[in-house]
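Below: the structure, in structure tokens.
The values are calculated or read from the model by the stated rules, or taken from the named source; none is laboratory data. Given the structure is predicted, the values throughout are model-derived calculations rather than measurements. When we count neighbours, we look across all protein chains shown, and the Cβ atoms used for this are built from the backbone with ideal geometry, even at glycine. Protein only, heavy atoms only, side chains kept; ligands, DNA and RNA dropped before computing areas. Shrake-Rupley method; radii C 1.70, N 1.55, O 1.52, S 1.80 Å.
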2 protein chains.
Amino acid sequence: MDPRHAVLFEPLQLGPKVLPNRFYQVPHASGFGIERPRTQAAFRAIKAEGGWGGVCVDYAPVSRDSDESPAVSAVFWDDDDARALGLTAEAVHTHGALAGVELFHGGALSENGHSRSARVAPSQAVSELMWGGLAKELSLADIARIQRDWVSAARRARDVGFDIVYVYGAHGYLLTQFFSTHLNRRTDSYGGSLANRGRFWLETLELVREAVGDDCAIATRIPVHGRDGLPGIETPDMLQLITMASDVVDLFDVNVGEWPEDSGTSRYYPEGHERPWTDQVRQATPKPIVGVGRYTSADLMADIVRTRSLDIIGAARPAIADPFLPRKVAEGRLDEIRECTGSNVCIAREETFNHVGCIQNATAGEEFRRGWHPELFTKAANADRAVLVVGAGPAGMECAMVLGKRGFDAVHLVEAESDIGGRLRWVRQLPTLGDWGRVTDYRAIQLAKLDNVEVITGRRLAAANVLDYGAQIVVVATGSHFRADGVQPHEPTPIVGVDQPHVLTPEQVMVEGRRPSGRRVVVYDTDGYFVAPGVAEQLRSEGFTVDLVTSHAVVSPTSDASLEGDMLRDHLHSSGVQVHRGITLTSVAASAVSGRDEFGDAWTMDADAVVLVTQQQPADALYRSLVDDPDALTAAGIEAVYAIGDVVAPRPISESVFDGHRLAREIDSADPSEPLPYRRERTALS
Amino acid sequence: MDPRHAVLFEPLQLGPKVLPNRFYQVPHASGFGIERPRTQAAFRAIKAEGGWGGVCVDYAPVSRDSDESPAVSAVFWDDDDARALGLTAEAVHTHGALAGVELFHGGALSENGHSRSARVAPSQAVSELMWGGLAKELSLADIARIQRDWVSAARRARDVGFDIVYVYGAHGYLLTQFFSTHLNRRTDSYGGSLANRGRFWLETLELVREAVGDDCAIATRIPVHGRDGLPGIETPDMLQLITMASDVVDLFDVNVGEWPEDSGTSRYYPEGHERPWTDQVRQATPKPIVGVGRYTSADLMADIVRTRSLDIIGAARPAIADPFLPRKVAEGRLDEIRECTGSNVCIAREETFNHVGCIQNATAGEEFRRGWHPELFTKAANADRAVLVVGAGPAGMECAMVLGKRGFDAVHLVEAESDIGGRLRWVRQLPTLGDWGRVTDYRAIQLAKLDNVEVITGRRLAAANVLDYGAQIVVVATGSHFRADGVQPHEPTPIVGVDQPHVLTPEQVMVEGRRPSGRRVVVYDTDGYFVAPGVAEQLRSEGFTVDLVTSHAVVSPTSDASLEGDMLRDHLHSSGVQVHRGITLTSVAASAVSGRDEFGDAWTMDADAVVLVTQQQPADALYRSLVDDPDALTAAGIEAVYAIGDVVAPRPISESVFDGHRLAREIDSADPSEPLPYRRERTALS
């Protein structure tokens, strides 16, 4: 270990408990909650094994009028819930870490899809949720009931082994709603003055401390102001509340602003972007503070702890991307850290009600289901076969790396271009997407360390070359490219007029460097994610007049799932890109484009050039010629040919990485082309 | 029974099985799927008890590369799945009905959120789902594998007792994708000619019939053209496929067009709207045909069966609204049928990944969870108390009705207006929303039949009147109204300039009949559902120039969940209502309104009048004055005062009905103001 980093491994007293080091996986959703208790336990335990000294479970409502359905959350309503979640505490303890639980009440932000109960709030507030309606104003009896629920849940959590119990206030949940001058209009003892608005919070802390404070560390999560603030919450007020709570709290867990800022993506927020806000908390309390910042730099983390800006480095996304980050720091293997890209794939999956996933770490969430360990790999039964992986994009890099770790004698990763990375070579050049390149960088370093894997660039293989190569197993990972013909969803025929020199694809702009001859460029998007806005921003930054025309009702709907939508649209707007929504483009003329609007009415606009971001198509010619000639394969001694990534079907980068990983993990199964069934948790039938 | 309806009760041979009558609950999602097997069984069994001769379970993928997560579906991947779903077959059999299962493969429409497998399709097609990406083109080996999966699933279904096994093709799923000239671009034996495009379908039917045809009826669901058709599927082709399949099929289940048409809401589709399309199927096959049409009229149903337009009346929504519809027809109790409103609340809940719910039937989905039976009510332990329900809107009507059915000696339902219905009195007057009035009509008839319930209209009760009334239990259900001050989500302060005569609320327009003096009207909407578009259409139909200004990114986002969004926006457009999205209105002047756009830039437009559809506020003055004076209550002999519906928190009508029902079901619990914990199914811990 680098001695500068030793400070990160000093234990820290948290009330009655000792945190073994300064790495802490803050509470975050997994999509496993109470429904998948063994999957949850395995997902959390791997982080403890990887060196995180504290590991928390999902958000867990204490009261029945806070249910998060359809999202799957933990729940602490009764003893059966506690028993199920106790599996996680037990599994985390196996590795010497402390287990924490985010006891919370969502108030007006609860969906209550399971109970159909009215949402509750300090005052009658509109929910931001679809199926909106307003919230019920809590009576004094309701407040007392919720506090009793909190105490009961805390006792249950303690009884099943949790070490750290939260009175969770952040993210605009009920305690924050009470503290907000905007949302709390009460005129009783729970509204008005700072002390009154903080009363629910402080009382709950005291009650929980009284109940379990001798056995558990009492934590609270508090939001401080960020770039755009929180409605009705001012930082001086919050700092005062922290001081008032300091005696009863063993750990302050600090976050900033609204969720899109707190989980800020790398597009718009650098590592440690919260510090201007969280640093103020140190002045308000001498108690331990944990905060997040998408930290993956050991130097920066050590500096933060050394200066006591924070006492503990919190992480959600970096711990998903690399559960073994602390161990790698401890062992001085900094170059082996699989750094979070800040792309929020994890959150996009959560926002669409799926379980956790990660662009960097294909094993995230698969610890129980498929028995995948992020750092341990079994030797393949067919490791004596020579493997040729064609194409070093996300899928090919991942597959070759995992095959190497599974002990194959010889794996060749052959790439036609001069560098590995595949589509990431140009995607990481798009404005603000530089950190996505970490997907390539991590794999490049790993591949270089594997003696049994040879990476060959600048060599384009035709079918004949593959047959001659001498491999017994061939994996085709030649990727995809954007269509030049404008074929798009729901429109089976090409756009008319695409065979003109002023009609370009994203790769022609970003890789070939082609630029429109005129100044007025239309970027047409049916893809709905990052490519079209990225190309638009790039061209706009070069001085072109750019109109982003999209078939979607909003620009880049997928970015809403990754919490980036509003910021992305603001960026486009402030950079001067005009947007046109709900338009289907059907033809391109010399100096205009035309189509129809959402109601089928004709639509047209002037344009000197068009970039078509409609749909990808696989570069599958090699794969098809290989599998179409089984005799040639046999003659060449090739036992199997597999396709991975976009050759199978163009998909998001995270799914290509997953696909490459999956094949390598199962390369010695009976039929590696089909995923093995994975373990599923079942509902008890009686 | 009316003898004209006897035809509906004739048994019908379906292959080796006999359907006991002509009522059939077609497959539809419940949100319980494989995750809540006992909840599922109880939800389906109640329909069998209510007289539906055939009852189907949720859609159940046969292959692991068709998983519907995050939606909860049934699944027939292995024997554990079959065991869980067998509970439903068993429960349905208890009441003499046949149990059916919708075995299916979603193809490019599968989310695959659980497996992270590539979606599959006949040809590489774009998925319509967020996190799009394209689908994998199925190889011949893949097709054979899926067919083997179908056969295995069919065997499992038979083995656990299902009587009717589907080869389910409708709704654009995999078999339909193969049949579509738009989506199937294959050049092998599964693409091209009609016979080739139908090959997957027919082969699968034959294989399934061979495997289980002696024991089970073989059903297939097929889509025929509707108003807007299905991409790449022509009705003559489909009729030919039906003829080709006729020998191997025991039951044709016919639907039309895309889902928003198939589950067409009452706003845009009348009862039986599919008949112009489904009637053609009779010419193509002599085999039994089931079809849906939101049928609740026994005369119409009998006519359809008598003329053999259909052999069996299918239902999803009408069977959710009234599981006892067949029994009520059989017993000549037509006026007691709880008719489906066609509001698609059930589907809106499904689309937001919640379990089934219904605006008409609060017990839907609560059969196992809360033990609620739609037609049976236990006598309340405190039935000797006199109950006063104040306010006969959705919550009050429902509560009084259920209290009556629970055998209270005396329930008085007192309404200030001249008629019962509450907000439904004007909501049902909005263009296209007439059928929503069935919520009132059903309850009016039921209330009239209950000797122990007295309905008193035209009497407005003040607190003093309530104290004097002589009731021991008081339920306040006085509803809500739209705010006149324009307070809206995220904006704590009123809109400037609202105190002018040209600023109106929806009730002032619809109930008081006030009309703008000028011609240019802005309807401003932050509510996001049906009110603003309804008022806009109403005023437009009277000749006003109407601009619908909304804070949302799309007009009426909630209508997307009920499948109405596109049609609603088309209607507004074709009626000449202009829409402006992403606008926050902040002030109203004499002849203009102004605010800011989504980027915070100033926005203004000319207007002679404004209708504010921002937020509701409860009419809770009576409730507050009662509970604020407990001594007066005691003196008056009032033991308890409860609030239900919008008095608690303004919410959708379905939730008010649910709230009123819940209170009445639990009026004799220890604390009726708090819902009792409901039964939850648990994940096995080992």
Positions within the stretch B:79-108 being in contact (Cβ under 8 Å) with a residue 12 or more places away in the chain and under 26 Å from residue A:31 (Cα atoms), in sequence order: B:79, B:81, B:82, B:83, B:84, B:85, B:104, B:105, B:106, B:107, B:108
Qualifying residue in the stretch B:625-639 (condition: of a type in the set (S, T, N, Q), buried (at least 19 other Cβ atoms within 10 Å of the Cβ) and touching a residue at least 60 places away in the same chain (Cβ under 8 Å)): no
Hits in the stretch B:39-53 (condition: in contact with an Asp or Glu (Cβ under 8 Å, 6 or more places away or on another chain) and either closer than 15 Å to residue B:161 by Cα or within 13 Å of chain A (Cβ to nearest Cβ) (or both)): B:39, B:40, B:41, B:45
Which numbered condition residue B:64 fails, given (1) basic (Lys, Arg); (2) within 14 Å of chain A (Cβ to nearest Cβ); (3) part of a helix (DSSP H, G or I): (3)
Residue in the stretch A:54-66 that is nearest to residue A:250 (Cα to Cα), counting only those that are under 23 Å from the mean Cα position of the chain (by Cα) and open to solvent by less than 10 Å² (accessible area, probe 1.4 Å): A:54
Leading residue by the ranking (nearest to residue A:418 (Cα to Cα)) among those in the stretch A:512-546 that are among the small types (Gly, Ala, Ser) and either in contact with an Asp or Glu (Cβ under 9 Å, 6 or more places away or on another chain) or free of Cβ contacts under 8 Å to residues at least 40 places away in the same chain (or both): A:513
Top-ranked residue in the stretch A:641-669 [being away from chain B (no Cβ under 13 Å) and surrounded by fewer than 24 Cβ atoms within 10 Å (Cβ to Cβ); ranked as farthest from residue A:444 (Cα to Cα)]: A:669
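This table checks each residue for (1) open to solvent by less than 40 Å² (accessible area, probe 1.4 Å); (2) of a type in the set (Gly, Ala, Ser).
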| position | (1), (2) |
| --- | --- |
| A:152 | no, yes |
| A:155 | no, no |
| A:158 | no, no |
| A:161 | yes, yes |
| A:175 | yes, no |
| A:193 | no, yes |
Total residues in the stretch A:207-234, condition open to solvent by 10 Å² or more (accessible area, probe 1.4 Å) and at pLDDT below 95: 7
Any hit, the stretch A:176-199, residues being within 32 Å of the chain's Cα centre (by Cα) and within 30 Å of residue B:367 (Cα to Cα): no
Filtered residues of the stretch B:333-362 (kept if within 12 Å of another protein chain (Cβ to nearest Cβ) and among the polar types (S, T, N, Q)): B:352, B:354
Considering residues of the stretch A:480-497 that are surrounded by fewer than 18 Cβ atoms within 10 Å (Cβ to Cβ) and within 12 Å of chain B (Cβ to nearest Cβ) only, the residue nearest to residue B:230 (Cα to Cα): A:490
Of the criteria (1) open to solvent by less than 50 Å² (accessible area, probe 1.4 Å); (2) small (Gly, Ala, Ser); (3) without any contact (Cβ under 8 Å) to a residue 40 or more places away in the chain; (4) within 11 Å of chain B (Cβ to nearest Cβ), which one residue A:673 fails: (1)
Single unsatisfied condition, residue B:359 versus (1) at pLDDT 95 or above; (2) buried (at least 18 other Cβ atoms within 10 Å of the Cβ); (3) more than 21 Å from residue B:675 (Cα to Cα): (3)
Criterion: within 24 Å of residue A:376 (Cα to Cα) and open to solvent by 30 Å² or more (accessible area, probe 1.4 Å) - qualifying residue of A:410, A:400: A:410
Enumeration of residues in the stretch B:542-579 that are open to solvent by 10 Å² or more (accessible area, probe 1.4 Å), within 12 Å of chain A (Cβ to nearest Cβ), of a type in the set (A, V, I, L, M) and part of a loop (DSSP other than H, G, I, E, B): B:553, B:554
Number of the condition not met by residue B:3 [criteria: (1) within 18 Å of residue B:294 (Cβ to Cβ); (2) free of Cβ contacts under 8 Å to residues at least 40 places away in the same chain]: (1)
The one condition in (1) under 23 Å from residue B:569 (Cα atoms); (2) hydrophobic (A, V, I, L, M, F, W, C); (3) open to solvent by 50 Å² or more (accessible area, probe 1.4 Å); (4) in contact (Cβ under 8 Å) with a residue 12 or more places away in the chain that residue A:590 fails to fulfil: (1)
Selection within the stretch B:304-323 - β-branched (Val, Ile, Thr) and either surrounded by fewer than 24 Cβ atoms within 10 Å (Cβ to Cβ) or closer than 19 Å to residue B:373 by Cβ (or both): B:305, B:307, B:320
Candidate set from the stretch A:80-94 (those that are away from chain B (no Cβ under 11 Å) and over 25 Å from the mean Cα position of the chain (by Cα)); member that is surrounded by the fewest Cβ atoms within 10 Å (Cβ to Cβ): A:94
Residues of the stretch B:235-260 satisfying the condition of being touching an Asp or Glu at 6+ places or on another chain (Cβ under 7 Å), of a type outside the set (A, V, I, L, M) and open to solvent by less than 10 Å² (accessible area, probe 1.4 Å): B:255, B:257
Single condition residue B:682 does not satisfy, out of (1) at the interface with another protein chain (Cβ under 9 Å from one of its Cβ atoms); (2) of a type outside the set (Gly, Ala, Ser); (3) open to solvent by less than 30 Å² (accessible area, probe 1.4 Å): (3)
When residues of the stretch B:95-117 are limited to those that are at pLDDT below 95 and among the hydrophobic types (A, V, I, L, M, F, W, C), the one least open to solvent (accessible area, probe 1.4 Å): B:108
Segments classed as strands (runs of 3 or more DSSP E), wholly inside the stretch A:1-53, with at least 3 members that are buried (at least 24 other Cβ atoms within 10 Å of the Cβ) and not acidic (Asp, Glu): A:23-25
